[in-house]
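Quick notes on the structure that follows.
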Amino acid sequence: MKKYLAEMVGTMVLVLMGCGTAVSLNCGADTASVVGTAMAFGLAVVAMAYTIGGISGCHINPAITLGCFLTKRISAKDCAMYMVFQVIGAFIGSALLFAFVSTTTTDFGGTTTGANTVAGAGTQIAGLIVEIVLTCVFVLVVLGATHKTNGATGNFAGLAIGLSLILIHLVGIHYTGTSVNPARSIAPAVFEGGQALTDLWVFIVGPFVGAALAALIWKIIEPKEAA
């Protein structure tokens with residue numbers, strides 16, 4: 001149970017800090033807000049990787065959990081329970097952010113939840129492609145960085161994963177706000193409503209397809225463990 005609770009706490013922190021930064025900086029208003037939001041998501045992952053990594057592996061993302069399941073790193077039970085607790089954690093993070101925003105007089109100028117839409121991509125299909133490709137890259141980094149054959153470099157897996165998430169956000173924010181994480185999108189969309197809910201399927205299907213592709217690629221290139 002501890003690893004499930006760790007996933008819940010980790011995902012809560014990711015959503016609160018990542019989406020919270022997107023709201024506070026009015027992400028998309030200028031270049032600085034985009035860079036700041038990208039860094040917030042990446043730093044949240046780094047922080048949680050070194051906080052709960054030893055407990056649960058710090059997936060804090062159903063797409064990563066799916067990738068780990070498909071590469072036989074976790075059981076079907078753990079896969080399902082991780083996803084459930086990740087979504088619960090995302091809702092807690094979104095609820096806290098919603099409470100923060102609701103009690104302030106600040107006009108943030110944009111979304112008050114950090115929810116994803118495909119507005120920048122133009123169409124849902126275009127947004128779906130972006131999410132598939134970016135999630136594939138992200139999950140592939142996770143699978144490679146955490147592989148046993150990495151030896152001592154595995155100690156820096158959390159840093160590599162966090163930095164890769166910053167890169168992915170820098171590319172994807174313009175198009176979809178960057179999700180690559182169904183839990184991160186589901187909870188804010190419920191609080192936001194409207195277009196965020198209409199586009200939500202993109203941020204569930206896209207990351208899961210991307211994760212499956214990453215698992216397939218990894219199985220092809222996976223190095224053999226040392227004897």
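Would you be able to say whether some residue in segment 218-227 is surrounded by 15 or more Cβ atoms within 10 Å (Cβ to Cβ) and either free of Cβ contacts under 8 Å to residues at least 40 places away in the same chain or hydroxyl-bearing (Ser, Thr, Tyr) (or both)? The answer is no; no qualifying residue exists.
Take the conditions touching a Leu at 6+ places or on another chain (Cβ under 8 Å) and more than 24 Å from residue 32 (Cβ to Cβ) and apply them to residue 190. Does it pass? Walk me through how you get there before you give the answer.
On the way: touching a Leu at 6+ places or on another chain (Cβ under 8 Å): yes; more than 24 Å from residue 32 (Cβ to Cβ): yes.
Here the answer is yes, as residue 190 does meet what is asked.
Quick check: anything in segment 183-196 assigned to a loop (DSSP other than H, G, I, E, B), surrounded by fewer than 24 Cβ atoms within 10 Å (Cβ to Cβ) and free of Cβ contacts under 8 Å to residues at least 12 places away in the same chain? Yes - at least one qualifying residue is present in segment 183-196. Give me the residue from segment 197-217 that is in a helix (DSSP H, G or I) and among the aromatic types (Phe, Trp, Tyr) and, out of that set, surrounded by the fewest Cβ atoms within 10 Å (Cβ to Cβ). Within segment 197-217, the match that is surrounded by the fewest Cβ atoms within 10 Å (Cβ to Cβ) is 208.
Looking only at residues in segment 145-163 that are crowded, with 17+ Cβ neighbours inside 10 Å and without any contact (Cβ under 8 Å) to a residue 40 or more places away in the chain, the one that is farthest from residue 20 (Cα to Cα) is 145. Screening the candidates 137, 142 for the property of being touching a residue at least 60 places away in the same chain (Cβ under 8 Å), buried (at least 23 other Cβ atoms within 10 Å of the Cβ), in contact with a helix residue (DSSP H, G or I) (Cβ under 9 Å, 6 or more places away or on another chain) and on the phi < 0 side of the Ramachandran plot yields one hit, 142.
When segment 29-39 is filtered for residues that are surrounded by fewer than 24 Cβ atoms within 10 Å (Cβ to Cβ) and in contact with a helix residue (DSSP H, G or I) (Cβ under 9 Å, 6 or more places away or on another chain), the ones remaining, listed by number, are 33, 34, 35, 36, 39.
Inside segment 10-129, counting only helices (runs of 4 or more DSSP H) that do not spill past its ends, which hold 1 or more residues that are free of Cβ contacts under 8 Å to residues at least 60 places away in the same chain and of a type in the set (D, E, K, R)? Please lay out each step first, then the result.
Details: elements: 31-56, 62-70, 76-102.
Correct list: 76-102.
Looking for something within 26 Å of residue 193 (Cβ to Cβ), aliphatic (A, V, I, L, M) and outside any loop (DSSP other than H, G, I, E, B) - is there at least one such residue anywhere in segment 131-145? Checked against the condition, which is being within 26 Å of residue 193 (Cβ to Cβ), aliphatic (A, V, I, L, M) and outside any loop (DSSP other than H, G, I, E, B), segment 131-145 yields at least one hit.
Each reported figure results from applying straightforward, stated rules to the coordinates on display, with no laboratory input. Because the structure is predicted, anything quoted here is derived from the model rather than measured. Methodologically, a virtual Cβ is constructed for each residue, glycine included, from the backbone with ideal geometry; neighbour enumeration extends over all protein chains shown.
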